[in-house]
Amino acid sequence: MNADISAVKDKIQGMINAFIVLLPNIVLALIVFVIFFFVARSIKQVVKRLTHNRRHARNLGMVLGRLAQGTTILVGLFVALSIVIPTFKAGDLIQLLGISGVAIGFAFRDILQNFLAGILILLTEPFQIDDQIVFKNFEGTVENIQTRATTIKTYDGRRIVIPNSELFTNSITVNTAFDNRRLQYDVGIGYGDDIDRAKQLIMEAMHSVAEVLKDPAPDVLVMDLAESTVNIRARWWINPPRRADDLTSRDRVLSAIKKKLTENGIDLPFPTQQILFHDQTEETDGNRLRQREGWPSGKSEVPKSRRISDSLRQLAELRAQQNDNSKVDSQPTGDN
């Protein structure tokens, strides 16, 4: 028993002595790795600074900066391990990674997929930082494009993190891809109003708004003969095409159109519905030849239309007559 305890003590003492021997190497390795880490960050900042003023090379500089940073940190890790473990060779680690590459690939498939998609997004530039995009149910301003995910800030002050593989394989609407953006809105006027006059008034209203561009010029088109209105589409262009400018111009254009049309007597009707009642009395019920609305009249005489009040009065008179007849029939008769 004492021999076992002594063996354990000797083993622990040997480990402590080995650690003390390696302690200077460990400290030196940490210092070297920290130096490589700060050098890697400096290289990244230099690359980003060189490409910051070049719009088309900005994302490429971001990719190159991150790759340079990662490569420098990896080299620093190899050097630090070589200091701590003199027998360590970089080829051994590469061989180990090659053997376990398939397992790592399956384990980190989603991470690697997002990383590759992030690199491709940064290189192809379908959108850039500060662009305003729409992705599925999310809309906002691109804050950052990382190698794993892209973050956008919504207009109500929330942050959305979207994996890069989703962005790369799905459709995205970039609202700020071009300098100008066209907006539109359908205005319904009454069927009795003059269409040409209404179109002229809508054009005047749009031209009175400062945010509406003169080139490209706004236009108006008749789009639909709806159930209750004639729908006229007003279309105008704005610059810049950001969300705040969209809301501002829409507010002023629609206010100007409403004021202009109402001041000139153009009707903006509510949806209306017409209900037609069939003249179905006991005499004509089921006879399609005598039903006016929705049925063919044939060659027979078509009954004239009646007001609802007349039909109700006729029904009341018929009921009263039936009640009188039933009272007469129910009176007892005397014996002769």
Point to revise | I26 versus L74: modelled label distance in nm, points set 7 Å from Cα along the beta carbon direction | key: 2.7 nm
Point to revise | Principal axis dimensions, largest first and in whole angstrom, of segment 140-212 by Cα | key: 59, 26, 23
Revision key, fill the gap. Computed over segment 116-234, protein heavy atoms only, probe 1.4 angstrom, the accessible area per residue in square angstrom equals 53 Å²
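Which net charge results for the neighbourhood of R235, defined as the other residues with beta-carbon distances under 13 angstrom from its beta-carbon, given Lys and Arg at +1 and Asp and Glu at -1?
+3
The values are calculated or read from the model by the stated rules, or taken from the named source; none is laboratory data. Keep in mind it's a predicted model, so treat the numbers as computed, not measured. With ideal geometry, Cβ positions are generated from the backbone for all residues, glycine too; neighbour counts draw on all protein chains shown. We work out accessible area using only protein heavy atoms, side chains counted, and drop any ligands, DNA or RNA first. Shrake-Rupley method; radii C 1.70, N 1.55, O 1.52, S 1.80 Å.
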